[in-house]
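So the structure is just underneath, and the comments pick up after that.
Just so it is clear, none of the values below were taken in a lab; they were calculated from the coordinates. Predicted model, so just to flag it, every value in this text is computed and none were measured. So basically every Cβ, Gly included, is an ideal-geometry build from the backbone, and we count neighbours across all protein chains shown.
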Amino acid sequence: MIFAHDTVVAMISAVELVNSAEEPDTMTEIAQLDQFFVTHAYTGTHARDDAELAAVRAQRGPLRALLTADRDTAVELVNEILAAHHAVPRLVRHDALDYHIHAVPPDAPLDVRIAVETAMAMIDLIRADELGRLDICADQACEGIVLDLSRNRSRRYCSTACGNRNAVAAYRARKR
Ligand SMILES: [Zn+2]
Ligand SMILES: [Zn+2]
């Protein structure tokens, strides 16, 4: 199963945003939101102020609920988000990007665009019955979300840090 480019990009950024709430919180400053915006090649409105940062931070709880929901609940949440923001999907081509879907205008607030883009991406995962691509980190102390869009589904940890910590623990356990 190959997902469309915009689906992959939206899922990766949504997971990173949700995981930024894990201790230590890595979305507490405008500079961190700036970095997130650049890393995930967002376009459109970016206010760079405290209100925008607060609004994006406030999306993390609802997005976590969406990404960890069972299929029927995820459908309800997706439909709610699309209705709440009057999403109207349209095909657009801009910058270096070939045709992809925007469902809200580029001047919609960043937190709204993130919510709607995540909902649109979740439509693909739900229709393909591929919500199993989302899981909670295998590290016992971590609640981070793992997104695995690879063919062989080998990812178990949300980050390299979690992967390394568990590899070291497993190595020590074998030596004992
Ligand atoms: Zn676009
Ligand atoms: Zn983790």
Could you rank the peptides 159-167, 132-140, 52-60 by their average count of other C-beta atoms within 10 Å per residue, with the highest value first?
52-60, 132-140, 159-167
Extreme residue, positive dipole direction of the chain, given options A96, C158, T43 (C-beta unit charges):
C158
Provide, as a two-decimal number, the C-alpha radius of gyration of the stretch 36-137 over 2.2 N^0.38 Å, N being how many residues it has.
1.09
Residue exposure sequence - T39, T68 - by fewest surrounding Cβ within 10 Å:
T39, T68
For the chain, return all DSSP H helices satisfying: extent of Cα atoms along own axis at least 18 Å; mean Kyte-Doolittle hydropathy at least 0.5.
5-19, 110-127
Express the Stokes-Einstein translational diffusion coefficient of the chain in µm² s⁻¹, to the nearest whole number, given a Kirkwood radius over alpha-carbon pairs, 37 °C and a viscosity of 0.692 mPa s.
191
Extending each Cα 7 Å along its Cβ direction at T39 and S159, get the distance between those two points in nm, one decimal.
0.9
Would you please give the residues with an amide H less than 5 Å from that of V146, counting only those at least 5 places away or on a separate chain, with H modeled from the backbone geometry?
D135, I136, C137
Rounded FRET efficiency, nearest 0.05, which uses the C-beta distance separating A138 from H86 and R0 of 41 Å
0.60
Per the rule of 0.36 nm per residue minus the C-alpha distance, extending A128 to D70 adds in nm 19.5 nm
I'd like the isolated cysteines in the chain, meaning no second cysteine's beta-carbon lies under 4.7 angstrom from theirs.
C162
E29 and D50 label points (each 7 Å along its Cα→Cβ direction) are spaced in nm at 1.6
